[in-house]
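Undergrad: This is the structure I want to talk about, given as C-alpha cells.
The values are calculated or read from the model by the stated rules, or taken from the named source; none is laboratory data. A quick note: this is a predicted structure, and the numbers were derived from the prediction, not measured. Counting neighbours? That spans all protein chains shown, and the Cβs are built from the backbone with ideal geometry, glycine included. For the accessible areas, the whole protein counts, side chains as well, though only heavy atoms, and no ligand, DNA or RNA atoms are used. Shrake-Rupley method; radii C 1.70, N 1.55, O 1.52, S 1.80 Å.
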Amino acid sequence: MPSDIPLLLLGALVAGVVQGISGFAFSMVAMSFWVWGLEPQLAAVLAVVGSLTGQLTAVGTARRRLDLHDLWPFLAGAGVGVPIGVAVLPLLGAEVFKLILGGVLAVWCPVMLFSRRLPHTTVGGRWADALAGAGGGFMGGLGGFTGVVPTLWCTLRGLDKDRQRAIVQNFNLATLAFTLAGYVASGAVSGRVLTLAPLLTAVVVPAAWLGTRLYRGMSAEVFRRFVLGLLSLAGLAMLASALPRLLG
C-alpha cells in the first residue's frame with residue numbers, strides 16, 4: 001500500500017463525519033491532514049471529489065431548501081471565480097499551498113468562532129453577494145473551499161440559520177460540480193485521481209451519513225466550536241511549517 005493511502009483515508013473519514021454534522025468544512029478538515037503527505041494538485045482535486053460526495057450524500061439525509069432569488073448572485077460570481085482558481089492551482093508549490101491554506105484556516109476559523117459578535121452589514125446588495133460568490137468560487141478552484149467566503153458573508157449579513165444554510169449548501173453543491181468540471185477540462189484529473197476517487201468515495205459516504213445521524217443527538221454549536229478551534233490550530237501549524245522554508 002502506498003504510504004499516502006492511510007493519510008488519505010484518515011483525512012476523508014474525519015472530514016466526512018465533520019461535514020455530515022456541520023454541513024461544511026470537508027475540504028478544510030481533509031486538507032489539514034492531506035497537506036502533510038499529498039501533492040497540492042492531487043489533494044485539491046480529491047478534496048473537491050470528497051466535498052461533492054459529502055454534499056450529495058446530505059441531499060438524501062438533510063432538508064435542503066432552494067431559493068433562486070437568494071442564490072443566483074452567488075452562483076453568478078462563482079462562474080467568474082472558479083476558472084481563475086483552477087488556472088492558479090497548478091502554479092502553486094507545496095509550501096506556497098501550505099501558506100495559503102494555513103492563512104485561510106488561521107484567519108477564517110477564529111473569525112467564525114466569534115462571528116456572532118461581528119456587526120451586521122447591509123451594504124452592497126446583490127453585487128456584494130456576487131463578489132462573495134466569486135471569492136467562494138476562487139477558493140473552490142484552489143481546493144474545494146467553496147463555503148468559506150459565502151458563509152462568512154452570510155453571517156455578516158445577519159441571515160437566519162435556515163436561510164444561510166440553504167444558500168451555502170446549494171452554492172457548495174453547484175460550485176463544487178462546476179469546479180470538478182473545470183478540473184476535468186484543464187487536465188487536472190489524472191490517472192492517480194481516478195484510482196483514488198473510488199476509495200475516497202467509499203469512505204466519505206458512510207462517514208457523512210454517520211455525521212448526519214450524530215448531528216441529531218448533539219449540540220451543533222459545541223461541535224462547531226470544537227472543529228473550528230482544531231482547524232485554527234491546524235492553520236497555525238501549516239504557517240509554522242511553510243514560512244521558515246519560504247523565507248529561507
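Undergrad: If you go through the range 3-18 one residue at a time, do you hit one that is in a loop (DSSP other than H, G, I, E, B), on the phi < 0 side of the Ramachandran plot and either out of contact with any Ser or Thr (no Cβ under 6 Å at 6 or more places or on another chain) or without any contact (Cβ under 8 Å) to a residue 24 or more places away in the chain (or both)?
TA: Checked the range 3-18: at least one residue is in a loop (DSSP other than H, G, I, E, B), on the phi < 0 side of the Ramachandran plot and either out of contact with any Ser or Thr (no Cβ under 6 Å at 6 or more places or on another chain) or without any contact (Cβ under 8 Å) to a residue 24 or more places away in the chain (or both).
Undergrad: While we're on this one: Does any residue in the range 141-170 that is free of Cβ contacts under 8 Å to residues at least 60 places away in the same chain come within less than 7 Å, Cβ to Cβ, of a residue that is open to solvent by 40 Å² or more (accessible area, probe 1.4 Å) and not aliphatic (A, V, I, L, M) six or more places away or on a different chain, and which pairs are these?
TA: 156/120; 157/120; 158/120
Yes/no per residue for (1) under 23 Å from residue 33 (Cβ atoms); (2) of a type in the set (A, V, I, L, M, F, W, C); (3) part of a loop (DSSP other than H, G, I, E, B); (4) touching a helix residue (DSSP H, G or I) at 6+ places or on another chain (Cβ under 9 Å):
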site: 69; (1), (2), (3), (4): no, no, no, no
site: 74; (1), (2), (3), (4): no, yes, no, yes
site: 84; (1), (2), (3), (4): no, yes, no, yes
site: 89; (1), (2), (3), (4): yes, yes, no, yes
site: 97; (1), (2), (3), (4): yes, yes, no, yes
site: 122; (1), (2), (3), (4): no, no, yes, yes
site: 130; (1), (2), (3), (4): no, yes, no, yes
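Undergrad: If you don't mind, another one. Considering each residue of the range 220-246, count those that are more than 22 Å from residue 12 (Cβ to Cβ) and under 17 Å from the mean Cα position of the chain (by Cα), and give that number.
TA: Here the count works out to 1.
Undergrad: Does the range 174-182 contain any residue that is open to solvent by 40 Å² or more (accessible area, probe 1.4 Å), of a type in the set (A, V, I, L, M) and more than 21 Å from residue 43 (Cβ to Cβ)?
TA: Yes, the range 174-182 contains a residue that is open to solvent by 40 Å² or more (accessible area, probe 1.4 Å), of a type in the set (A, V, I, L, M) and more than 21 Å from residue 43 (Cβ to Cβ).
Undergrad: In the set 168, 107, 148, which member is among the aliphatic types (A, V, I, L, M) and in contact with a Pro (Cβ under 7 Å, 6 or more places away or on another chain)?
TA: Testing whether each residue is among the aliphatic types (A, V, I, L, M) and in contact with a Pro (Cβ under 7 Å, 6 or more places away or on another chain) leaves just 168.
Undergrad: Could I ask something else about it? Among 217, 191, 182, which is the only one that is at pLDDT below 80 and over 16 Å from the mean Cα position of the chain (by Cα)?
TA: 217
Undergrad: So in the range 186-212, with the set limited to residues that are open to solvent by 80 Å² or more (accessible area, probe 1.4 Å) and touching a residue at least 12 places away in the same chain (Cβ under 8 Å), which one is farthest from residue 79 (Cα to Cα)?
TA: Checked the range 186-212; the qualifying residue farthest from residue 79 (Cα to Cα) is 209.
Undergrad: Continuing with this model, one more query. Which one of 79, 54, 103 is part of a helix (DSSP H, G or I) and surrounded by 24 or more Cβ atoms within 10 Å (Cβ to Cβ)?
TA: The match here is 54.
Undergrad: Which one is surrounded by the most Cβ atoms within 10 Å (Cβ to Cβ) among residues in the range 84-95 that are modelled with pLDDT of 85 or more and farther than 25 Å from residue 19 by Cα?
TA: Checked the range 84-95; the qualifying residue surrounded by the most Cβ atoms within 10 Å (Cβ to Cβ) is 84.
Undergrad: Applying the selection to the range 112-152, what residues are among the β-branched types (Val, Ile, Thr), at pLDDT below 85 and crowded, with 16+ Cβ neighbours inside 10 Å?
TA: Residues satisfying the conditions are 148, 151.
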